[in-house]
Amino acid sequence: MGRYLYVRIPRSIRGTELTRAELDEEADLLREDLAQSGASGVVLDRIHTFEARMQPATRGLAWLFDLFGGEIAMGRKIRQLDGELEAAGLSQADRAALVALTTRRALLGRRSAHLQRTKQLFDLWHVFHLPLVYLLLVIAAAHIGLAFYMGYVPFRW
C-alpha cells in the first residue's frame, strides 16, 4: 500500500517531489509538443476527447476508487485511442509517438489532480506503518533473546 502511494507522488529525476506548478509546467510543454507534432485537427480532437475522459474524479468516494483503479482502466482507454488513431490513417510510428505523448500528459494530469490527497494518504500510511515496524523489531529482538535463553546454539562443532 505504501509503495503504491509512494509511486503515485510525481518526482523529478533526482527523486525530489514535484510541485503542482512544476507538473502544470510539464503538462504545458507536452501540450506544445502535441501541437507541434503536425497531427490533423481530427486526430487532435480525438486526443482532446481522450484527455477529457481521463480526468479523475475528485468528489466523494469516487476519488478513492479512481486513485487506485483509474490507471488500470486507463490502459483500455489508451488501446481504444490507438485504434481510433489507426482508423484515422496514422502510421505505426506516428501513432506510437502520439499515444506516448498523450499517455504521459494524461498521467501527469491525473497525478496532479490527486497529488494533495495522495500525500495525505501517504502520511496516514506512515502513522500506521512506523509503529508497526517498531513493534516487529521488538518482537524479533524478543524472539532472538528467548531463543538464546532457551539454549539455542548457532554453531555446534
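The values are calculated or read from the model by the stated rules, or taken from the named source; none is laboratory data. Note that the structure is predicted; figures quoted are calculated from it, not measured. As a convention, Cβ positions derive from the backbone with ideal geometry for all residues, glycine included, and neighbour counts pool all protein chains shown.
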Extreme residue, farthest from the chain's Cα centre (by Cα), among residues of segment 91-106 that are of a type in the set (A, V, I, L, M) and within 16 Å of H48 (Cβ to Cβ): L98
Within segment 88-113, residues being over 20 Å from D24 (Cβ atoms), touching a helix residue (DSSP H, G or I) at 6+ places or on another chain (Cβ under 9 Å) and in a helix (DSSP H, G or I) number 6
Counted residues in segment 19-39 being under 19 Å from V99 (Cα atoms), in a loop (DSSP other than H, G, I, E, B) and either modelled with pLDDT of 75 or more or in contact with a Leu (Cβ under 9 Å, 6 or more places away or on another chain) (or both) come to 2
Within segment 92-119, tally of residues that are modelled with pLDDT under 80 and surrounded by fewer than 13 Cβ atoms within 10 Å (Cβ to Cβ): 1
Please verify whether segment 131-147 includes one or more residues that are touching a helix residue (DSSP H, G or I) at 6+ places or on another chain (Cβ under 8 Å) and either assigned to a helix (DSSP H, G or I) or in contact (Cβ under 8 Å) with a residue 12 or more places away in the chain (or both). no
Breaking point among (1) touching a residue at least 60 places away in the same chain (Cβ under 8 Å); (2) not in a helix (DSSP H, G or I), for G60: (1)
